[in-house]
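To keep things clear, I will list the structure first and then write my remarks on it.
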């Protein structure tokens, strides 16, 4: 009986039509790629395999405007390789319709009229240029607001490129943050005549300062004031930290300061002096500081040297070891000298190293002067 049932089932299965493997798709399968987009990408020499790997969903969208994006960029002077690179990095650009792109071009050229410069910006920050139409009114209002602050077009362009979120949100939020910054600057003893330049530097060095909460700035300044920093010192920190003070919080700063004081075995007054020399101490997490202290000490650097030149803590252990070895190979022993030569960027170090190398290798006698030979 069982054999008969099994045979019956098998015969029934044979009568069911079998779909080819490439036709079998579940109901939730992704729709086919937009062939027009794919063909245009191929024509533009876009690395479509990379797009499929990283942002395949874009290729399935309808409608898409790949040809229109290419035409817009080409009309602005972009070369073929630049267009291809933009579409690889930010293929979502093809989802902006021509009207949106035209509006974006109008907005951006109001602060950056040079086509070549604007193409360079789009290549570096394509997501900042190809944005949703829902943000255009906010962008327009924010551009007008920053113009009213007498910020240069170059600064406004940099803000739009590197921190597009600050232009996509309502202008009132930026007004609140800028007002808090200006008020803090004046309350800390800053001169009103210099406030425009100070604000320009702050925004250009850290554009993301705008998207932080004004309350965070107030809390951090209050915490540092409670730790004994004077108003002049607080203004110094706010300026030197380039807005990073807004990205901190009292708990993280407290942990960092306690750890630094414990490691250096210094008083609170001396710790404040060290922080003023190296404001970065406020925002390095404890584990990073621990690694850098350990790296310096294991290389033979003393704690007193670190306290005299705390900015050396801004360098990674790898960079410090490389520079120490390079100096040692040319006869300079940092363990018995100043650490100032270690500081700065790669360019700064190479310049200091070059001067030091000449000084260390300078001959002990004047090769031009005649030698005194006794009879």
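Structure notes:
- Unmet requirement for residue 188, which otherwise passes all of (1) buried (at least 16 other Cβ atoms within 10 Å of the Cβ); (2) under 21 Å from the mean Cα position of the chain (by Cα); (3) modelled with pLDDT under 95: (2)
- Residue check, residue 220 under 24 Å from residue 107 (Cα atoms), modelled with pLDDT of 90 or more and either in a helix (DSSP H, G or I) or out of contact with any strand residue (DSSP E or B) (no Cβ under 7 Å at 6 or more places or on another chain) (or both): no
- Every listed requirement among (1) within 30 Å of residue 146 (Cα to Cα); (2) at pLDDT below 95; (3) buried (at least 16 other Cβ atoms within 10 Å of the Cβ) is met by residue 34 save one, (1).
- Odd one out for residue 209 among (1) in contact (Cβ under 8 Å) with a residue 24 or more places away in the chain; (2) over 24 Å from the mean Cα position of the chain (by Cα): (2)
- Options 259, 284: the member that is closer than 30 Å to residue 181 by Cα, touching a helix residue (DSSP H, G or I) at 6+ places or on another chain (Cβ under 9 Å) and either assigned to a helix (DSSP H, G or I) or modelled with pLDDT of 95 or more (or both): 259
- Among the residues making up the range 178-190, those that are touching a residue at least 40 places away in the same chain (Cβ under 8 Å) and part of a helix (DSSP H, G or I) are 184, 185, 187.
- Scanning the range 59-72 for residues that are surrounded by 15 or more Cβ atoms within 10 Å (Cβ to Cβ) and within 14 Å of residue 97 (Cα to Cα) returns 61, 64, 65, 66, 67, 68, 69, 70, 72.
- Any hit, the range 327-346, residues being at pLDDT below 80, over 23 Å from residue 271 (Cα atoms) and part of a helix (DSSP H, G or I): yes
- The residues in the range 200-217 that are assigned to a helix (DSSP H, G or I) and either touching a helix residue (DSSP H, G or I) at 6+ places or on another chain (Cβ under 7 Å) or crowded, with 19+ Cβ neighbours inside 10 Å (or both) can be counted, and the count is 11.
- Going through (1) surrounded by 15 or more Cβ atoms within 10 Å (Cβ to Cβ); (2) assigned to a helix (DSSP H, G or I) one by one, residue 197 falls short only on (1).
- Test for residue 197: is it farther than 17 Å from residue 232 by Cα and without any contact (Cβ under 8 Å) to a residue 12 or more places away in the chain: yes
- The single condition among (1) buried (at least 17 other Cβ atoms within 10 Å of the Cβ); (2) more than 29 Å from the chain's Cα centre (by Cα); (3) within 23 Å of residue 186 (Cβ to Cβ) that residue 264 does not meet is (3).
- Among the residues listed as 344, 295, the single one being within 24 Å of residue 239 (Cβ to Cβ) and either without any contact (Cβ under 8 Å) to a residue 24 or more places away in the chain or crowded, with 18+ Cβ neighbours inside 10 Å (or both): 344
- Pairing residues of the range 257-272 that are at negative phi and in contact (Cβ under 8 Å) with a residue 40 or more places away in the chain with residues that are crowded, with 16+ Cβ neighbours inside 10 Å and in a helix (DSSP H, G or I), at Cβ distances under 6 Å and at least 6 apart in sequence or on separate chains, gives 263/293; 264/307.
- For the range 222-261, the tally of residues that are over 23 Å from residue 202 (Cα atoms) and over 23 Å from the mean Cα position of the chain (by Cα) stands at 11.
The values are calculated or read from the model by the stated rules, or taken from the named source; none is laboratory data. From a predicted model like this one, the values you see are computed outputs, not experimental measurements. Positions of Cβ are backbone-derived with ideal geometry, glycine not excepted, and every protein chain shown enters the neighbour counts.
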